[in-house]
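Q: Before I ask anything, let me first share the structure, which is written out below as structure tokens.
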Amino acid sequence: MGVTESSETNQYLTFNLDNEVFGLAILKVREVLDFTSITRVPQTPAYMRGVINLRGSVVPVMDLRLKFNMAQTEKTVNTCIIITEVEMNGELVVLGALADSVQEVVDLEASQIEPPPHMGTRLRAEFIKGMGKHGDGFIIVLDIDRVFSSEEIAVAQTAGMTTVDAA
């Protein structure tokens, strides 16, 4: 009665960063927000752009472009914040990730995802689950649970708590 892993189809939210297409497992995505004002938190790394108020909760917002050694995300009409859940030490942490734009939700079967390349990408290989074949191009499928280290997540959580305390 079980479904084999190899024939399983997964859905991914695709988004753009610096003209590259990335995918994030839809099960990790809570929602997508229009760009909103972000409150900068002093003494945090550059890739941590600050925090937002999401229905009364403080959510740290990370700039994936900076994390991936690209130019800082610039605000455009398409810039958005992907609210995602990251698992860290068995605990779910809610983070916002800046994206240049969101494209669509795509279905990819396991057979359509190749192992991550060892060269030719600006990202560290452990951030990448694989390269998804879609149409004529590829989608860099991120492992969002590995993009940020436990130390980086702790800084983000502390920044959020500090902002709440200051309010």
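The values are calculated or read from the model by the stated rules, or taken from the named source; none is laboratory data. All of these numbers come straight from a predicted model, not from anything done at the bench. Cβ coordinates were reconstructed from backbone atoms using ideal geometry, including for glycine residues, and neighbour counts include every protein chain displayed.
Q: Answer yes or no as to whether S57 is closer than 19 Å to L142 by Cα and among the hydroxyl-bearing types (S, T, Y).
A: No: the conditions fail for S57.
Q: Could you give me the residue pairs with C-beta distances under 7 Å whose first residue belongs to the stretch 36-56 and is at positive phi, whose second residue is of a type outside the set (V, I, T) wherever it lies, and which are 6+ apart or on separate chains?
A: Every condition considered, the pairs that remain are G50/R40.
Q: Considering each residue of the stretch 73-90, count those that are free of Cβ contacts under 8 Å to residues at least 12 places away in the same chain and more than 16 Å from I153 (Cβ to Cβ), and give that number.
A: Residues that pass the stated criteria total 2.
Q: Checking Y12 against (1) surrounded by fewer than 18 Cβ atoms within 10 Å (Cβ to Cβ); (2) touching a residue at least 60 places away in the same chain (Cβ under 8 Å), which test does it fail?
A: Looking at each condition in turn, Y12 falls short on (1).
Q: For F35, which of the numbered conditions (1) buried (at least 20 other Cβ atoms within 10 Å of the Cβ); (2) closer than 28 Å to F138 by Cα; (3) among the hydrophobic types (A, V, I, L, M, F, W, C) fails to hold?
A: Here F35 meets the rest and fails (1).
Q: Can you pull out every residue in the stretch 76-118 that is of a type in the set (S, T, Y), in a strand (DSSP E or B) and loosely packed, with under 13 Cβ neighbours inside 10 Å?
A: Across the stretch 76-118, there are no qualifying residues.
Q: Another question, if that's okay. So, E87, is that one farther than 22 Å from N10 by Cα and out of contact with any strand residue (DSSP E or B) (no Cβ under 7 Å at 6 or more places or on another chain) or not?
A: no
Q: Here is a follow-up. Of (1) more than 25 Å from G137 (Cα to Cα); (2) modelled with pLDDT under 90; (3) of a type in the set (D, E), E8 satisfies all except one. Which?
A: (1)
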